[in-house]
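Below is one structure, written out as structure tokens; the observations come after it.
Rule-based calculations on the coordinates, nothing more; no lab input. Nothing here was measured: the structure is a model prediction, and the numbers come from that model. All Cβ positions, even for glycine, are placed from backbone atoms using ideal geometry, and neighbour counts span all protein chains on display.
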Amino acid sequence: MAALTKDRNTAVRENVMIPYGVAAATIIYAGALVCINALGYAVPGSISTTLKSVGRAEETIDNSAGANGDETIVARKGTFKFANAGDITIAHLETDVYINDDQTVSSVSTSKTVAGKCIEVEADGVWVEFA
């Protein structure tokens with residue numbers, strides 16, 4: 001397609017709550033940092049280089065006895081407060097932070113997946129934006 005030469009009515013979709021099939025033998029707790037694995041199934045955040053961060057779990061889903069996709073979880077995009085591994089400071093504002101586990105983020109990127117952007121640092125946690 002050619003570049004625009006006039007206004008365009010571009011459709012919008014508010015992707016704030018998105019369903020994902022849950023990986024086999026997995027429990028994801030409400031409030032957890034949710035990722036998708038290499039197969040596209042939802043898993044709790046953990047130290048890994050192959051996950052993709054997708055948001056916060058809206059409810060607890062237990063697929064511990066199921067196969068891939070037997071259960072579905074809704075992940076919400078937005079900005080949420082997670083625990084600080086202790087190394088994130090205001091110097092990290094507007095930079096990527098990385099997943100330590102399903103409730104903790106760090107500034108250390110070694111062998112880790114990006115959680116999202118650090119928006120604010122408070123005494124009790126880090127506000128992380130999921131785009």
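Excluding same-chain residues fewer than 8 positions from Lys112, which aspartates and glutamates have a Cα within less than 13 Å of its Cα?
Reachable aspartates and glutamates: Asp96, Asp101, Asp102.
Applying 1/(1 + (r/R0)^6) with R0 = 25 Å to the Cβ-Cβ distance of Thr49 and Ile27, what FRET efficiency is obtained, to the nearest 0.05? Could you put the intermediate results ahead of the total?
On the way: r = 23 Å, r/R0 = 0.90.
With a Förster radius of 25 Å, E is 0.65.
Over all alpha-carbon pairs in the chain, figure out the percentage whose distance exceeds 27 Å.
Values: 2198 of 8515 pairs.
Summing the P(r) tail past 27 Å for the chain gives 26 percent.
Pick out, in residue order, every one of the GluC sites (Glu not before Pro) in the stretch 43-131 that is DSSP loop and has at most 13 other C-beta atoms within 10 Å; say none if there are none. Provide the component values of the computation, followed by the final result.
Values: sites: Glu58, Glu59, Glu71, Glu94, Glu120, Glu122, Glu129; in loops: Glu58, Glu59, Glu71, Glu94.
Loop-located and lightly packed - Glu59, Glu94.
Mind sorting Leu4, Leu51, Leu39 by how few other Cβ atoms lie within 10 Å of their own Cβ, fewest first?
Numbers: Leu4 8, Leu51 22, Leu39 11.
Ranked by crowding around the Cβ, least crowded first: Leu4, Leu39, Leu51.
For Tyr41, Tyr29, Tyr20, what ranking results if the residue with the fewest other Cβ atoms within 10 Å of its Cβ goes first? Write out the running numbers ahead of the final one.
Numbers: Tyr41 20, Tyr29 14, Tyr20 23.
Going from sparsest to densest Cβ surroundings: Tyr29, Tyr41, Tyr20.
Arrange Ile61, Ile36 by Cβ neighbour counts within 10 Å, fewest through most, would you?
Working: Ile61 22, Ile36 18.
Least crowded to most crowded, the residues run Ile36, Ile61.
Of the residues Gly116, Gly31, Gly86, which exhibits the maximal mean-square fluctuation in a Gaussian network model of the chain defined by a 10 Å Cα contact cut-off?
Answer for the Gaussian network model of the chain: Gly86.
How large is the convex hull of the Cα atoms of the stretch 1-65 per residue, expressed in Å³ as a whole number?
Numbers: hull volume 8.7 nm³, N = 65.
Taking the convex hull of the Cα positions in the stretch 1-65, it is 134 Å³ per residue.
Quick one: net charge around Thr26, please, counting Lys, Arg +1 and Asp, Glu -1 for every other residue with C-beta under 9 Å from its C-beta.
Details: positive: none; negative: Asp62, Glu71.
So the environment of Thr26 carries a net charge of -2.
With label points built 7 Å along Cα→Cβ from the Cα atoms of Met17 and Ala123, find their separation and express it in nm.
3.4
Report the Stokes-Einstein translational diffusion coefficient (µm² s⁻¹, integer) for the stretch 78-130, Rh taken as the Kirkwood radius over Cα pairs, at 4 °C with viscosity 1.567 mPa s.
Details: Rh = 10.4 Å.
Here the translational diffusion coefficient equals 125 µm²/s.
Can you give the local net charge around Arg56? Use residues other than it whose beta-carbon is closer than 12 angstrom to its beta-carbon, Lys and Arg +1, Asp and Glu -1. Write down the numbers at each step before the final one.
Working: positive: Arg76, Lys77, Lys81; negative: Glu58, Glu59, Asp102, Glu129.
Value of the local net charge: -1.
Reachable lysines from Lys77, Cα under 18 Å, same-chain residues fewer than 8 places away excluded?
In chain and number order, the partners are Lys52, Lys117.
Identify the residues of the stretch 88-131 with backbone N under 17 Å of a label point that sits 7 angstrom from the Cα of Met1 along the Cα-to-Cβ direction, or state none.
What the label zone holds, given the 17 Å backbone N cut-off, is no residue at all.
What lysines could a cross-link reach from Lys6, if we take a straight Cα to Cα line under 20 Å and drop same-chain neighbours fewer than 8 places away?
none
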